[in-house]
Amino acid sequence: MLHVYTEQFKAASLTLRFFMPLERKTASVARVLFQMMGTKTLQYPSRKELNAALEEAYDASLNTSVSLLYDQIEMKIQIRFVDPSLLQDAAYETQLIKIFKDVLYHPYLDETLLNQEKSFILDDIKTKESQKSQIASSMLTDTLLEGHPYHIPSTEEAPLIKAVQLNEVKALFEKLKELPCLILAAGPLPLISLKRWLKVLDLTGHPQYQPHPLLKTPIAKKEPLNVIAKMHQVYRYHVYDSGVYRDDRDYPAFQVLQHILGGDSDSMLFKRIRETHSMAYSVQAIPSIKYGLLIIQGSIDPLKTELYDQEIASIIKELKETHVDKDTLFYAQQSIQESIKRNSDSLSVLSRRALMQYYFNEPFEIDAYLAQIRAVNAGDIKRLAENLKEVYAFKYGGFDA
């Protein structure tokens, strides 16, 4: 159990994360189940009634989601609410627990809701599939990560959702009580209150999820791929194996390298590719730390693809062969620190820091992490740049309609 107590905010949250090994079919069943769980219950047998109960509880909110955490399916359910100590309402906390317990133990799982939620999910998938940027991104990851144990191909997403049956949803729901769970409470919820919540929710003896070593498998080098599409621009990707993962000591230095290369409008890519040579509408360096990758992504003029590729190669070569100057390094460190500070004042960020400490042993206190950023030197940047190995180049678009 993670308990992050603070009186900095007027709201608190309780989040349950259930985990099970990643399997494509199960991930789809989980997505449907948790969308259904957040819709209605036996006590509140319609979306409208559940929302009304939450609204009556001083606008409490309920959120469910399913994501992939490396080789695990992470199934999350969260309730967020006003600090009970601020209200003159003795029944408030009891009502909150009642709602959350009903969602957790008595969701309304029937054929009608199943088909409805599957339809919503499929509509969302269809919308994404109509966007060329999403198509390009999906094709990139599907071809790059083919066969990787952490990746589910986008082409399988809709068929797997369509195939989900009610008996599978109910079976997974029954299995939740056996699955390891990570409980995270954040905000002004005292430990004595948290223990009362967990007792009423029958979670005091639930097995806790324990992080385990990450699979660090370098992505094999692949042949370049060019896909023609009817559009006036090209989405161009250069993918590099960095050898750096989230739980590595070099992760702070890798963040600085990524920022220097393509983190903002003062980065090498932006200044040279976009401002100096006017080759791209946008260009950035994106870390894919889950797979130990650094991806340079550009939206470029189809007629300048060759020159763009040459300039990318030149920039990477420069980073490998020379030390960045003191001003460039200092600016990148300052920019990262300012961004972290700006985005640290929220309950969700506080919760995320607790998770990152638990999952990857990152410092919980901001000052400790900022110190790691400040400790990065030019030698660290050059050493990490020298380790970059291009493993894939992908181009989507370029047909001038």
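Would you check if there is a residue in the stretch 182-196 being of a type in the set (D, E, K, R), closer than 24 Å to R17 by Cα, in contact with an Asp or Glu (Cβ under 9 Å, 6 or more places away or on another chain) and not assigned by TED's automatic domain parsing to the domain that holds P302? It would help to see each step written out before you state the result.
Pass one, the stretch 182-196, residues of a type in the set (D, E, K, R): 195-196.
Still in the running and closer than 24 Å to R17 by Cα: 195-196.
From the residues that got through so far, the ones that are in contact with an Asp or Glu (Cβ under 9 Å, 6 or more places away or on another chain) too are 196.
From what's left, not assigned by TED's automatic domain parsing to the domain that holds P302: 196.
Yes, the stretch 182-196 contains a residue that is of a type in the set (D, E, K, R), closer than 24 Å to R17 by Cα, in contact with an Asp or Glu (Cβ under 9 Å, 6 or more places away or on another chain) and not assigned by TED's automatic domain parsing to the domain that holds P302.
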Practice problem: Return a yes/no flag: does the stretch 127-134 have any residue that is in contact (Cβ under 8 Å) with a residue 40 or more places away in the chain, surrounded by 13 or more Cβ atoms within 10 Å (Cβ to Cβ) and not hydroxyl-bearing (S, T, Y). | Solution: yes
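Okay, residues lined up against (1) crowded, with 17+ Cβ neighbours inside 10 Å; (2) in a loop (DSSP other than H, G, I, E, B):
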{"site": "L329", "(1), (2)": "yes, no"}
{"site": "Q334", "(1), (2)": "no, no"}
{"site": "S339", "(1), (2)": "no, no"}
{"site": "S344", "(1), (2)": "no, yes"}
{"site": "V349", "(1), (2)": "no, no"}
{"site": "R353", "(1), (2)": "yes, no"}
{"site": "M356", "(1), (2)": "no, no"}
{"site": "E362", "(1), (2)": "yes, yes"}
{"site": "G379", "(1), (2)": "no, no"}
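Only one of P188, P149, P159 is loosely packed, with under 15 Cβ neighbours inside 10 Å and touching a residue at least 24 places away in the same chain (Cβ under 8 Å). Can you tell me which? I'd like the intermediate steps shown before the answer.
On the way: P188 fails: loosely packed, with under 15 Cβ neighbours inside 10 Å; P159 fails: touching a residue at least 24 places away in the same chain (Cβ under 8 Å).
Testing whether each residue is loosely packed, with under 15 Cβ neighbours inside 10 Å and touching a residue at least 24 places away in the same chain (Cβ under 8 Å) leaves just P149.
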Practice problem: Would you check if there is a residue in the stretch 305-316 being crowded, with 17+ Cβ neighbours inside 10 Å, of a type in the set (A, V, I, L, M, F, W, C), out of contact with any His (no Cβ under 7 Å at 6 or more places or on another chain) and at pLDDT 95 or above? | Solution: yes
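Within the stretch 285-300, can you find the residues that are in a strand (DSSP E or B) and buried (at least 19 other Cβ atoms within 10 Å of the Cβ)? Outline the logic, then answer.
Step one: filter the stretch 285-300 for residues in a strand (DSSP E or B), giving 285-288, 293-300.
Of everything in the stretch 285-300, those that are in a strand (DSSP E or B) and buried (at least 19 other Cβ atoms within 10 Å of the Cβ) turn out to be A285, P287, L293, L294, I295, I296, Q297, G298, I300.
Is it true that some residue in the stretch 82-102 is outside any helix (DSSP H, G or I) and in contact with a Leu (Cβ under 7 Å, 6 or more places away or on another chain)?
Pass one, the stretch 82-102, residues outside any helix (DSSP H, G or I): 82-83, 87-91.
After this cut, where a residue has to be in contact with a Leu (Cβ under 7 Å, 6 or more places away or on another chain) as well, the list is none.
Checked against the condition, which is being outside any helix (DSSP H, G or I) and in contact with a Leu (Cβ under 7 Å, 6 or more places away or on another chain), the stretch 82-102 yields no hits at all.
Of the residues that make up the stretch 301-315, is at least one small (G, A, S), part of a helix (DSSP H, G or I) and without any contact (Cβ under 8 Å) to a residue 60 or more places away in the chain? Give the derivation first.
At the first step, the residues of the stretch 301-315 found to be small (G, A, S) are 313-314.
Still in the list and also part of a helix (DSSP H, G or I): 313-314.
Checking which are without any contact (Cβ under 8 Å) to a residue 60 or more places away in the chain leaves us with 313-314.
Yes, the stretch 301-315 contains at least one residue that is small (G, A, S), part of a helix (DSSP H, G or I) and without any contact (Cβ under 8 Å) to a residue 60 or more places away in the chain.
Listed here are the residues, each with its yes/no results for (1) assigned to a loop (DSSP other than H, G, I, E, B); (2) surrounded by fewer than 20 Cβ atoms within 10 Å (Cβ to Cβ).
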site: P211; (1), (2): yes, yes
site: L215; (1), (2): yes, yes
site: K222; (1), (2): yes, yes
site: Y235; (1), (2): no, no
site: H238; (1), (2): no, no
site: V244; (1), (2): yes, no
site: R249; (1), (2): yes, yes
site: A253; (1), (2): no, no
Quiz item: Which one of I161, I152, I79 is β-branched (V, I, T) and part of a helix (DSSP H, G or I)?
Solution: I161
Quiz prompt | Candidate set from the stretch 316-327 (those that are assigned to a helix (DSSP H, G or I) and not basic (K, R)); member that is farthest from K271 (Cα to Cα) | solution = E321
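The values are calculated or read from the model by the stated rules, or taken from the named source; none is laboratory data. Values in this document were obtained by computation on a predicted structure and should not be read as measured data. Neighbour counts run over all protein chains shown; Cβ positions are idealised from the backbone, glycine included.
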